[in-house]
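First up is the structure itself, then whatever we jot down about it.
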Amino acid sequence: MTVIEARDVKFKYNGGWVLNNVAFQTHEGEFLGIIGPNGSGKTTLIKIIDGLLVPDEGAVFLRGKNIRYFKRNDIAKVVAMVPQDSPWVFPFTVQEVVMMGRAPHLGRLRFEGASDLAIVHAAMEKADVLPFASRSINELSGGERQRVLIARALAQEPQVILLDESTAFLDIKHQVAFFDLMKTLNKEEGLTVIAVTHDMNLASLYCDRIMLLDGGTVHTMGAPGEVLTESTIREVYGTDVLVDLNPVTGSPRVTLLASRPLD
């Protein structure tokens, strides 16, 4: 079943097109990666899928219904976003931040109950932030704050999770742990994942399909082996790479090549 569908989406800032006729479908339980150079429209597309931006032309559909006609609260019950980072003015505790993920399910007059606390506890445990649940969000490192945002998204109990460079501030250990968690939820619970990333090798290892954006358009979309080729990367990124197969997983592996001989 198609969960997210973009039909000829166009979007512009200050008169310049950032996205131009972007069209694709994401199926239920799919892990889709979005890659592309800086300025190719990746974050803008994620925000349109989440209903935060409205396309100038075209439309995005959530389970067959134009997302423009959803109430914000109804979108949040289905779709959760994990941004790159988020500034915090007030010194909320980690648990309070994660509890914010329950807001779409609580409504205006309902307070959180035992079931909400249990969901929040489980989300913090999965994101490995439970040990500092009572600490202020402002006391944490950038990587720790990012894991709190992941926990907040999981507390929404979404069917679709959008990741906008969500591992940018994480070390290698937590990058792998995070993508392992997303893949487990994807396979065991049917969570649909759409992940913007600059890391081609992470996309290759974890994604079922990859969309390569270039200049606001879909350059290539398909299985990792169809997208991550030396010629395609050279054409879009303007750099030479070596693409071979990971000896353990068999997935495409991208290796940067120096622009000049190294001493």
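The values are calculated or read from the model by the stated rules, or taken from the named source; none is laboratory data. It should be emphasised that the depicted structure is a prediction, and the values quoted were computed from it without experimental measurement. FYI the Cβ positions are ideal-geometry reconstructions off the backbone, even for glycines, and counts take in every protein chain you see. These area figures cover heavy atoms from the full protein model, side chains too; ligands, DNA and RNA do not enter into them. Shrake-Rupley method; radii C 1.70, N 1.55, O 1.52, S 1.80 Å.
Here the range 51-158 is treated as a Stokes sphere of Kirkwood radius computed over C-alpha pairs; at 25 °C and 0.890 mPa s its diffusion coefficient rounds to 165 µm²/s. Summed over the residues of the chain and divided among them, the accessible surface reaches 49 Å² per residue at a probe radius of 1.4 Å. Among beta bridges from DSSP that stay inside the range 119-250, the antiparallel ones total about 50%.
In angstrom, the C-alpha Rg and Dmax of the range 147-263 are 15.6, 52. Once the other residues with Cβ under 12 Å from the Cβ of His198 are scored (Lys, Arg +1; Asp, Glu -1), what is the net sum? So the environment of His198 carries a net charge of -2.
How many angstrom lie between the Cα centre of the range 16-82 and the Cα centre of the range 140-168? So the two Cα centres are separated by 18 Å.
Treating r as the C-beta distance of Leu242 and Gln25 and R0 as 41 Å, the FRET efficiency rounds to 0.80.
Once the other residues with Cβ under 13 Å from the Cβ of Ala23 are scored (Lys, Arg +1; Asp, Glu -1), what is the net sum? Charge balance in the 13 Å sphere: -1. Using Cα pairs under 8 angstrom and six or more residues apart, how large is the relative contact order of the chain, in percent? Once normalised by length, the contact order is 23 percent.
When only the Cβ of Lys, Arg, Asp and Glu is charged (+1, +1, -1, -1), the dipole of the chain relative to its Cα centre reaches about 820 debye. Calculated on the alpha-carbon coordinates, the convex hull of the range 1-85 measures out at 111 cubic angstrom per residue.
A simple spin-label model places the labels of Arg68 and Ala223 3.7 nm from each other, with each point 7 Å out along Cα-to-Cβ. Measuring nothing but protein heavy atoms, the accessible surface of the chain at 1.4 Å probe radius is 52 percent carbon and sulfur. What is the Rg over Rh value, at two decimals, for the chain, using alpha-carbon atoms and the Kirkwood definition of Rh? A ratio of 0.98.
Per-residue extension of 0.36 nm, minus the Cα-Cα distance of Asn201 and Leu117, leaves a gain of 26.6 nm for this segment.
Based on alpha-carbon atoms, the Kirkwood radius and the radius of gyration of the range 3-52 give Rg/Rh equal to 0.97. Positive contributions from Lys and Arg (+1) and negative ones from Asp and Glu (-1), summed over other residues with Cβ under 13 Å from the Cβ of Arg102, come out at -1. Within the chain, antiparallel bridges make up roughly 60 percent of the DSSP beta bridges whose residues both belong there.
Return the tail of the calculated pair distribution for the range 118-209, meaning the percent of Cα-Cα pairs more than 23 Å apart. Distances greater than 23 Å cover 19 percent of the Cα pairs. Using only the Cα atoms of the range 161-215, each taken as one equal point scatterer with no solvent, compute I(q) by the Debye sum, divide by I(0), and report log10 of the ratio at q = 0.17, 0.24, 0.30 Å⁻¹. Rounded to two decimals, the profile gives -0.52, -1.03, -1.49. Note on Lys187 and Ser141: the extension gain reaches 13.5 nm, defined as 0.36 nm multiplied by sequence separation minus the Cα-Cα distance. Would you compute the Debye intensity of the range 186-226 from its alpha-carbon atoms alone, equal scatterers and no solvent, and pass along log10 I(q)/I(0) at q = 0.19, 0.20, 0.30, 0.35 Å⁻¹ to two decimals? Debye output, listed in q order: -0.60, -0.66, -1.16, -1.26.
What's the FRET efficiency of Ser231 with Ile172 using the Cβ-Cβ distance as r and R₀ = 25 Å, to the nearest 0.05? That gives a FRET efficiency of 0.30.
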